[in-house]
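Written below as structure tokens is the structure these notes are about.
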Amino acid sequence: MKILVVGGGGREHAIIWKLSQSKQVEKIYCAPGNAGIAKIAECVDIGVMEFDKLIAFAKEKQVGLVVVAPDDPLVAGAVDAMEAAGLRVFGPRKNAAILEGSKAFSKDFMKKYHIPTAAYENFDSPEEAISYLETVKFPIVLKADGLALGKGVLICNTLEEAKAGVKAIMMDKQFGAAGNRLVIEEFLVGREVSVLSFVDGKTIKVMSSAQDHKRAKDGDQGLNTGGMGTFSPSPFYTKELDNYCMEHIYQPTVDAIRAEGREFKGVIFFGLILTEDGPKVLEYNARFGDPETQVVLPRMKNDLVEVFEACINGTLDKIELQFEDNAAVCVILASDGYPEHYKKGCAITGLEAFYGKDGYYVFHAGTKTMDGNIVTNGGRVLGVTAKGEDLKQARANAYAATEWVQFENKYMRHDIGKAIEDM
Ligand code: AMP
Ligand code: GLY
């Protein structure tokens, strides 16, 4: 089978690496891909939002399966357009991807179906949002309704900060149209866990858990980023918790979205927070998480093509997901200055150290080929993942491997997964 994967970051590299292990795969294309993906797939210069070009390409190459990985095209209806053109696609349609595309929708949805989440109110007018803020306890959380590259969430400690936040999101439109509506929600305290799952419309199967590190600097300081590193599994996510979430969060979500006439097929990513009152949903994503995917897929034993097919065919109940009884840690190598200003175009050396090394992976996030050399091309450059028999060993292995690669302004956090060692 020929497969087209839409996207071009570390997540897509990990997905393509995993797909390439399947005996069913004859050839993989990736649009637009990156320099690392180009080693295992044929990259084509089509953007993720260029639906007509993606469809024409997939038809010309007689692609048997299209995988739409990023949020923007999913929320904008890439799957609907591709299906209408007769393609077989893995990913939710627009009416289901709204679980991620609109925070106001997802909050109302959780409330309606009694899925545990933070208390909240939705606002269409900045004046009403501000009067409401006069009545709340701080800290409080402001969330732009739409997609904002993971940056549309502000945690405000004072009324002044919150008012400035409402102005930035709703009036100055710092995140564009994503800020036309605003969710104001209760601040929750607890450990965060990411749980990715496969869904076929009715059945949901969860993957091994993971934890992201969103802040740029050690000790969870600095600005929010797309994610600076992950580990899997989370030792805080117990079997008991998994059973509880299946009963109160996962299956109810799948049943409810179906009851709304918005059948979900694809990956649901549950951003959970483990509070004193039990686990609550911080957010839904309608896709694989990044960099969570870079630690979860290397530990998965199943053939990913089979799992994708089962989701599309509605036969996921026949699949038993299996994960290795080990751990993985991913450390993101970024360009110093990320997520603000940073240099691009710096030569990367040492990548060949990963070739043929079992249990070590280098997934490319922001790289490209220039004059035959691989150079940096984004804030997050590489994801270095290593497995180990436990989290401590995986962590030691991953940090050792971060030394194999060099580029100017290489920056990383040094405490990915450290909390587990300190336990
Ligand atoms: P989200 O995009 O909704 O996952 O929010 C991004 C990050 O903001 C989360 O990973 C949390 O660290 C934080 N966050 C979001 N909502 C809340 C909340 N209600 N209470 C505390 N922290 C939150
Ligand atoms: N790691 C968080 C996300 O993919 O949104």
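Couple of notes before you dig in:
- Across segment 329-423, the mean sequence separation of Cα contacts (distance under 8 Å, 6 or more residues apart), normalised by length, yields a relative contact order of 40 percent.
- For ASN302, nonlocal amide neighbours, meaning residues 5 or more places apart or on other chains whose placed amide H falls under 5 Å from its own, are GLN322.
- Label-zone membership for segment 397-417, site GLU352, 7 angstrom Cα→C-beta point, backbone N under 20 Å: 401-408
- Flagged links, alpha-carbon separation over 20 Å, of LYS151/LYS239; LYS2/LYS318; LYS111/LYS280: LYS151/LYS239; LYS2/LYS318
- Residue (of VAL281, CYS245, GLN294) at the positive-pole extreme of segment 187-307, dipole from beta-carbon charges: GLN294
- Cross-link partners of LYS173 among aspartates and glutamates, defined as those whose alpha carbon lies under 17 angstrom from its own and excluding same-chain residues fewer than eight positions apart: ASP124, GLU127, GLU128, ASP145, GLU161.
- Reachable lysines, given that their alpha-carbon falls under 20 Å from the alpha-carbon of LYS392 and they are not under 8 places away in the same chain: LYS357, LYS418
- Loop-resident GluC sites (Glu not before Pro) (DSSP state other than H, G, I, E or B) in segment 1-70 with no more than 14 further Cβ atoms inside 10 Å of their Cβ: GLU26.
- Of the residues MET228, VAL5, ALA129, the one whose Cα sits farthest towards the positive end of the charge dipole of the chain is VAL5 (charges of +1 on Lys and Arg Cβ, -1 on Asp and Glu Cβ, taken about the Cα centre).
- Positive-end extreme of charge dipole, the chain - chosen from PHE105, ALA178, GLN24 (charges on Cβ): GLN24
- Each Lys and Arg adds +1 at its Cβ and each Asp and Glu adds -1 at its Cβ; summed about the Cα centre, the chain shows a dipole of about 740 debye.
- Nearest-0.05 FRET efficiency for LYS301 and ASN373, computed from C-beta distance (R0 35 Å): 0.45
- Where chymotrypsin sites (Phe, Trp or Tyr not before Pro) fall in DSSP loop in segment 312-390, at most 12 other Cβ within 10 Å: TYR355
- Within the accessible area of the chain (1.4 Å probe), percent carbon and sulfur: 47
- 18 Å Cα-Cα threshold exceeded, pairs from LYS103/LYS217; LYS103/LYS143; LYS137/LYS217; LYS214/LYS265: LYS103/LYS217; LYS137/LYS217; LYS214/LYS265
- Sites listed here are chymotrypsin sites (Phe, Trp or Tyr not before Pro) in segment 84-193 whose DSSP assignment is loop and whose Cβ has at most 16 other Cβ atoms within 10 Å: TYR113, PHE187.
The values are calculated or read from the model by the stated rules, or taken from the named source; none is laboratory data. Keep in mind that what you see is a predicted model, and the values were worked out from it rather than measured. Quick reminder, even Gly has a Cβ in these numbers, built from the backbone with ideal geometry, and neighbours come from all protein chains shown. Remember, those area values only see protein heavy atoms, side chains included, never the ligands or the DNA or RNA. Shrake-Rupley method; radii C 1.70, N 1.55, O 1.52, S 1.80 Å.
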